[in-house]
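The structure appears right after this line, and notes come after that.
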Amino acid sequence: MVAKDASKVCLTIGSDTVEVTALAPDLFRVGYFPQGRAVDYSFVAVIAQDWQSGPVAIVEKVDEVTLATSAATAHLSLDPLRIGFTDHAGRSFALDDPVLGMGCFTGSGEAPVIGVPSRSETLGMPVRVHKQHLAGEHYFGCGERTGELDKTGTRQIFWNVDPPRGQTALENNLYASIPFTLVLAEGQAWGFFLDSTTRVEFDLAHDEPQRAWFGADNGDLVYYVFSGPTPADVLARYTELTGHTPLPPLWALGYGQSRFSYETAEEVRQIARSFRERDIPCDTLYLDIDTLDGYRVFTWNPVGFPDPQGLLAELREMGFHAVSIVDAGVKVDDQYAVYAEGKARDLYCKTPEGNDYQNVVWPGICTFPDFTNPETRTWWGQQHAPLLDAGVEGIWCDMNEPGLFLPPNSTMPPDVVHPGGGKAQLHIQVHNSYGSLMAQAAREGLLLLRPDRRPFVISRSGYAGIQRHALLWTGDNSSTWEHLTMSLSQLQNLGISGVGWAGVDVGGYYGDSSGELLARWTEFGIFQPFCRNHSEKTTRHQEPWAFGEPYESICRDMLKLRQRLLPYLYTLFEECHRTGAPILRPLFWAYPSDPATYSMDDEFLCGDAFLVAPVTRPGVEHRHVYIPAGSWFHWWTGTRIDGPAHILAHAPLGQPAVYVRANTAVPLWPEMNYVGHEEADPLTYLLYPFEGSGSATFYEDEGEGYEQLNGFYCRRSITSDVDGGNIRVVIGEQEGKSVPARRHVRLELREIASEPKAVHLGKAPATWRYDAEQRRLFVDLHETASSQLIHVSME
Ligand code: GLC
């Protein structure tokens, strides 16, 4: 039976229901609800509800129904049911496999095993959709993967775990699950997202080269198809569906120092003083579990931290922000108020017999809040009040897969019950959402407790949509060169899975780092959206000075560069917030038609302007770099390279292979050691002009609070045109109502071969200086809301 409304076709086949809905011109949702299961799209990933599909033409024939939007068409052939898509340029994508299609998998050899077969009636059978793997299609994304960028030919598991120490790239399933893939073929992108919080598996043409399948171990099959056709289009729609990364407080972009643990207030003070005395930038200090009283969350260790308020006030005075850890497990202890209140209100997960489910984590025996219950989330959010009152400014959600110690590296059994405040579900059904729901509770708590502040929440675990609650850090990596290598693709994979704000522990967590590894990792770290150095108990300390010279100076120089780059990075964060564009991007993001970029996972773009190719081997000063199309300037020497080209870059310690795109302005602050240390005046626009043209955007606002929503921000474009050697730079008129406090603006044009004949600001001569030795031209400007045209005449 076929029923339809304005944008949806609904098929009833026996006791199964299949719906195909056009949500937006480039977004379709397919829902398969087998065996009489109710239609339900209420999963935690999806935030957007009010969709505008535009006009949808639904045409019904004897054996086919089509839904056509202004951009794409869903084709449903009815006997047997097969679903596929085309766009208006004639491209086919996401075509059901003609033989296998979509359905339940009822225990054939291929069927995934589910943990609790006796409950399969409530849970539903394993469900899958088989899609054709069309010639030339490459799969990317899949969230937090340390393996290579191109996922074609692989199996991907989605089931949040706390993996054993020292995982390799073989372990493609880590702390967070984002069952999303971006598919590229001949420069055209489409996207696929399977929305299920149970165990999910993707076979990306692994078993058979002509076929991919996407399956959930139980429940319904709900998937979304994005028609693109650019990677940016796919990510824009995906992050509209699952939520945008909020604008962070500006200080959160600075460098953070962490350690498991700085064990006393005196040690924390000592670390803070060392940063300032050694003139090494740092904005944030992380307080790990030894700050707590017997590892009880939301408490303070009375011996090591007798006066947290005093300590945090001192840190603020020195320009530091403190972030405190909060684990998911609550110590079972009747004398402990948090535990007792959660118990009295009955907010913990249950055993099938109805007792509180208990397991061992850091504090010993713990219970676990049922974050699927909105009441639990509100209650949990309120628990953050004493931390904020003491001066904590950010919350670090940890162990939230949940990661359990009995047995080691385990998680909750599948039959643990989440009462859900009336909508009980088994753990197996909600597992992958536990971390996201905890992060949501923290963020919403912070928002209620400090409504004028932007919450800063960091999470280890998460599900699709985690980006709207928290930044994701990739958990416990190792201080090895292999892990440095793996983290390059890992952050790119996350970026194209909607998680723009992410970072790995700089220097590595497990095991001893070394001076060289830390220095190389910091060279990469300054381009990570989240830049924090963290290490495990008993390992060698790895603060930037821990290994002496030359490493300390290298780390200092790198972190100073990060601090100078904050206006550039903040502009990227705003773009990410608005459009879903990643901050740290694979090369194919900008060059989808260049297949050479599909496998270039040891280098990346940071925004439009920077190409970064970290050195990830010891004792190595040279490496291969693929320079994509366009003209690029080497950051250290100014040498120009025209891509596409494969080059051997010389990248001695302290001079990573970094290139800046021609005609793309980079806004820079003066050197400073933390946000607010000094007035950010002047602002420098750094630019490498070259024959041709280019443009960039610069966005700024208060860096805190919400006044940008009332128009108090400042956005402008900077364009650069070079014609016959003469350079024309236009700093565009300001959009937005903010009036920047600074008075001075400087244009720094690099690689100017000879002294210009004249430099004009509008029609008048400009104030300028040419440094022949460095081949740099500096033009002094004033801050103004109007547009400024700078003209450099070379002859
Ligand atoms: C977990 C976290 C790690 C933290 C440790 C102690 O292993 O991933 O970052 O230091 O717990 O809290």
Margin query: Let me spell it out: the conditions are (1) open to solvent by 40 Å² or more (accessible area, probe 1.4 Å); (2) within 34 Å of the chain's Cα centre (by Cα); (3) at pLDDT below 95, and PRO117 meets all of them except one. Which number is the exception?
Written below: (2)
Item checked: Leading residue by the ranking (farthest from the chain's Cα centre (by Cα)) among those in region 458-476 that are within 15 Å of the ligand (Cβ to nearest atom) and either among the β-branched types (Val, Ile, Thr) or open to solvent by 10 Å² or more (accessible area, probe 1.4 Å) (or both) -> ASP476
Item checked: Residue pairs meeting the criteria (Cβ under 8 Å; at least 6 apart or on separate chains; first among the small types (Gly, Ala, Ser), in region 331-347; second open to solvent by 50 Å² or more (accessible area, probe 1.4 Å)) -> ALA340/ASP334
Next item on the list: Sort out which residues of region 283-302 are under 27 Å from the mean Cα position of the chain (by Cα), more than 30 Å from LEU561 (Cα to Cα) and part of a loop (DSSP other than H, G, I, E, B), and write them in order of number.
Entry: VAL297, PHE298
Notebook entry, point to check: Limited to region 477-499, what total is found for residues that are outside any helix (DSSP H, G or I) and either touching a strand residue (DSSP E or B) at 6+ places or on another chain (Cβ under 8 Å) or within 16 Å of the ligand (Cβ to nearest atom) (or both)?
Noted result: 7
Notebook entry, point to check: Does region 320-335 contain any residue that is within 15 Å of the ligand (Cβ to nearest atom), surrounded by 21 or more Cβ atoms within 10 Å (Cβ to Cβ) and within 19 Å of ASP415 (Cα to Cα)?
Noted result: yes
Next item on the list: Count, please, the residues in region 55-104 that happen to be surrounded by 16 or more Cβ atoms within 10 Å (Cβ to Cβ), of a type outside the set (A, V, I, L, M), over 22 Å from VAL234 (Cα atoms) and in contact with a Gly (Cβ under 9 Å, 6 or more places away or on another chain).
Entry: 3
Margin query: I want to confirm something. Restricting to region 694-706 and keeping residues that are in a strand (DSSP E or B) and over 21 Å from HIS744 (Cβ atoms), which single residue is least open to solvent (accessible area, probe 1.4 Å)?
Written below: GLY694
Next item on the list: Could you check, for region 220-243, whether at least one of its residues is surrounded by 24 or more Cβ atoms within 10 Å (Cβ to Cβ), within 26 Å of LEU561 (Cβ to Cβ) and of a type outside the set (Gly, Ala, Ser)?
Entry: no
Checklist line | Scan of region 53-74 for residues that are part of a loop (DSSP other than H, G, I, E, B) and within 24 Å of LEU194 (Cβ to Cβ), ordered by number | finding: SER53, VAL56, THR69, ALA71
Check: Within the group PHE698, PHE633, which residue is in contact with a helix residue (DSSP H, G or I) (Cβ under 7 Å, 6 or more places away or on another chain), of a type in the set (A, V, I, L, M, F, W, C) and at negative phi?
Finding: PHE698
Margin query: Take LYS343 and tell me if it is more than 25 Å from TYR286 (Cβ to Cβ), open to solvent by 20 Å² or more (accessible area, probe 1.4 Å) and more than 34 Å from the chain's Cα centre (by Cα).
Written below: yes
Notebook entry, point to check: Based on what the data block shows, is TYR238 of a type outside the set (Lys, Arg) and touching a helix residue (DSSP H, G or I) at 6+ places or on another chain (Cβ under 7 Å)?
Noted result: no
Next item on the list: Restrict the check to region 355-376 and report whether at least one residue is free of Cβ contacts under 8 Å to residues at least 24 places away in the same chain, surrounded by fewer than 17 Cβ atoms within 10 Å (Cβ to Cβ) and more than 16 Å from the ligand (Cβ to nearest atom).
Entry: yes
Notebook entry, point to check: Counting residues that are open to solvent by 30 Å² or more (accessible area, probe 1.4 Å), which strands (runs of 3 or more DSSP E) fully inside region 640-693 reach at least 2?
Noted result: 640-650
Next item on the list: Starting from residues that are open to solvent by less than 30 Å² (accessible area, probe 1.4 Å), in contact with an Asp or Glu (Cβ under 7 Å, 6 or more places away or on another chain) and touching a residue at least 60 places away in the same chain (Cβ under 8 Å), keep the ones in region 741-779 and report whichever is farthest from PHE698 (Cα to Cα).
Entry: ARG742
Next item on the list: Quick one: SER738 ticks every box in (1) in a loop (DSSP other than H, G, I, E, B); (2) open to solvent by 50 Å² or more (accessible area, probe 1.4 Å) except a single one, so which number is it?
Entry: (2)
Margin query: I need the strands (runs of 3 or more DSSP E) fully contained in region 567-637, keeping only those with at least 1 residues that are free of Cβ contacts under 8 Å to residues at least 40 places away in the same chain.
Written below: 604-606, 622-634
Next item on the list: Would you point out the residue of region 262-287, among those that are touching a residue at least 40 places away in the same chain (Cβ under 8 Å), open to solvent by less than 10 Å² (accessible area, probe 1.4 Å) and not aliphatic (A, V, I, L, M), that is nearest to the ligand (Cβ to nearest atom)?
Entry: TYR286
Checklist line | Residue within region 555-576 that is within 16 Å of the ligand (Cβ to nearest atom), under 19 Å from TYR255 (Cβ atoms) and buried (at least 24 other Cβ atoms within 10 Å of the Cβ) present | finding: no
Next item on the list: Hey, could you check region 146-188 for residues that are part of a loop (DSSP other than H, G, I, E, B) and aliphatic (A, V, I, L, M) and say which is most open to solvent (accessible area, probe 1.4 Å)?
Entry: LEU170
Notebook entry, point to check: Only one residue in GLN440, GLN429 is away from the ligand (no atom under 16 Å from the Cβ), under 17 Å from TRP159 (Cα atoms), open to solvent by 10 Å² or more (accessible area, probe 1.4 Å) and not in a loop (DSSP other than H, G, I, E, B), so which one is that?
Noted result: GLN429
Check: If we scan region 206-214, do we find a residue that is within 28 Å of PRO98 (Cα to Cα), open to solvent by less than 10 Å² (accessible area, probe 1.4 Å) and in a strand (DSSP E or B)?
Finding: yes
Note to self: Based on this model, can you work out whether ASP16 counts as exposed (fewer than 14 other Cβ atoms within 10 Å of the Cβ) and modelled with pLDDT under 95?
What the structure shows: no
Item checked: Only listed residue being open to solvent by 10 Å² or more (accessible area, probe 1.4 Å) and either more than 14 Å from the ligand (Cβ to nearest atom) or closer than 26 Å to ASN301 by Cα (or both), chosen from PRO402, PRO414 -> PRO414
Check: Going through region 35-54 one residue at a time, which ones are touching a Gly at 6+ places or on another chain (Cβ under 6 Å) and open to solvent by less than 50 Å² (accessible area, probe 1.4 Å)?
Finding: ALA45
Check: When only residues in region 521-552 that are touching a Phe, Trp or Tyr at 6+ places or on another chain (Cβ under 8 Å) and of a type in the set (Lys, Arg) count, which is farthest from the ligand (Cβ to nearest atom)?
Finding: ARG532
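The values are calculated or read from the model by the stated rules, or taken from the named source; none is laboratory data. Keep in mind it's a predicted model, so treat the numbers as computed, not measured. Note that each Cβ is placed from the backbone with ideal geometry, even for glycine, and that neighbours are counted across all protein chains shown. To get the accessible areas, we keep the full protein, side chains included, count just its heavy atoms, and leave off ligands, DNA and RNA. Shrake-Rupley method; radii C 1.70, N 1.55, O 1.52, S 1.80 Å.
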